[in-house]
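Here the structure is laid out as C-alpha cells; the discussion comes afterwards.
Coordinate-derived values only; no laboratory data. Since we're looking at a predicted model, the values are computed, not measured. Reconstructed Cβ throughout: ideal geometry from the backbone, glycine too, with neighbour counts over all protein chains shown.
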Amino acid sequence: MYQNIVLHIPHNAKLIPTTIARKEGHPHPKELEEKSFYLIDYFTFILFSPGILNPRVSRIISPIHRMLIDMERLPNDPLEAKGFGIVSQWALDWYGNSFRKRAMSLYNDYQDWGKEVINSFDHPLLIDCHSFSAHPTPLCECPPDIDICIGWNEDETKPSQEVLDLIVSYFSNLGYLVSLNEPFSNSKTFAGAINYHSLMIEINKRCYMNEETVEKTEGFFKLQKELFDLYNILLND
C-alpha cells in the first residue's frame, strides 16, 4: 500500500534540554514533572519504533518536553485557550515572555525538518504516534474507556477507506476496543505540498504501562510487536 512510513513522535520527551535551561538561567524545575505527569507519552519512542526497524520506516521525534514547546500544535491553536498552545502558558510563566521567540525558532526548525523528511519520499504514510492517560488531565478531563483511537484529517491527507478499514480491523481482531476520530481527532501535517497520507494512532497507556510507577507491563512487548507487524502489512512486506 505504501513504499515508506514516517513515524511522528512528538510527546515522548521528558526533560528540558540543558541548552534551554542554561540559556534562560533556570534549573530543571520539579514543578514541570508534577504538572505534566499524565501528559507525557511515556515510552512511545520505543513502543512505536523498536530498535530494529524496517529500513522503509523513518522517524521524526521531538526532543523537547511538550510543556515547553509542543511541536504538534498549530499557530493560533484552539488549545491556547487552555494554556496549551505551541508554547504553554506554564513555560511563559516560568521563563517569561522572552522565551516565546526562542521557542518559536525551535518550533519552526522542527517543522522544516519534518517537511524535509516527508518530502524525501514518494507519497509515504505519516503515522502520528501518541498515547493518552486513563486518568483525567487538563487536555482530556473524561478519559474514554477505549484502548486505541484512530484519527485522520478530512482533507487530501486522509488515507483511503481501504487503509482505514484495514487498520481498524487489525486492532479490533487483536481484541482492542477502537474508536474513530473521537475523542481524539485529526493527525499531524507539515506545511508545504501535500504528497502523503497522515494517520493518528492514540493508545491508552493502560495497554502497555503502569502509570503510577511509570513501568512497562507485559502488554508493552505484545503491543510493540503488533505495531511493527502492522507496518509490514502497510508496506506489503
Revision key, fill the gap. Helix 161-173 sits off the longest principal axis of the Cα atoms of the chain, rounded to the nearest 10 on a 0 to 90 degree scale, by 90
Exercise for review: Treating only the Cβ atoms of Lys and Arg (+1) and Asp and Glu (-1) as charged, compute the dipole magnitude of the chain about its Cα centre; round to the nearest 20 debye.
Suggested key: 820
Practice item. Provide the FRET efficiency to the nearest 0.05 for the Leu74-Phe221 pair, computing r from the beta carbons and using R0 = 41 Å. Key: 0.75
**Study point:** Sequence ranges 132-143, 183-194, ranked by mean other-Cβ count within 10 angstrom, highest first
**Key:** 183-194, 132-143
Check your understanding: What ranking, highest mean first, results for peptides 68-79, 95-106 when packing means the other Cβ atoms within 10 Å averaged over each residue?
Key -> 68-79, 95-106
Review point. Once a ≥ b ≥ c are taken as the square roots of the eigenvalues of the Cα gyration tensor of segment 115-237, is the result rounded (a/c under 1.5), prolate (a/b larger than b/c) or oblate (a/b not larger than b/c)?
Key: prolate
Check your understanding: How much of the DSSP beta bridge set in segment 5-234 is antiparallel, as a percent to the nearest 5?
Key -> 30
Exercise for review: Determine the gain in length on full extension of the stretch Ser160-His123; use 0.36 nm per residue of separation and subtract their C-alpha separation, reporting nm with one decimal.
Suggested key: 12.0 nm
Review point. Which log10 I(q)/I(0) values, to two decimals, does the chain give at q = 0.16 Å⁻¹ under the Debye formula with one point per Cα?
Key: -1.22
Study note, to complete from the structure: Filtered hits (lysines, Cα-Cα < 17 Å from Lys205, offset >= 8 within chain) -> Lys14, Lys216, Lys222, Lys225
Practice item. Determine the relative contact order of the chain: mean sequence separation of Cα pairs under 8 Å and six or more apart, normalised by residue count, in whole percent. Key: 25
Review point. In terms of Cα to Cα distance under 20 Å, which aspartates and glutamates are near enough to Lys101, apart from those fewer than 8 places away along the same chain?
Key: Glu24, Asp70, Glu72, Asp77, Glu80, Asp93, Asp109, Asp112
Point to revise | Computed FRET value (nearest 0.05) for Ser105 with Asn173, which takes r as the C-beta separation and R₀ as 45 Å | key: 0.50
Point to revise | For segment 59-114, alpha-carbon Rg over 2.2 N^0.38 Å | key: 1.05
Practice item. Choose one of Phe99, His123, Leu74: the residue whose Cα lies farthest towards the positive end of the charge dipole of the chain (beta-carbon charges +1 Lys, Arg; -1 Asp, Glu; about the Cα centre). Key: Phe99
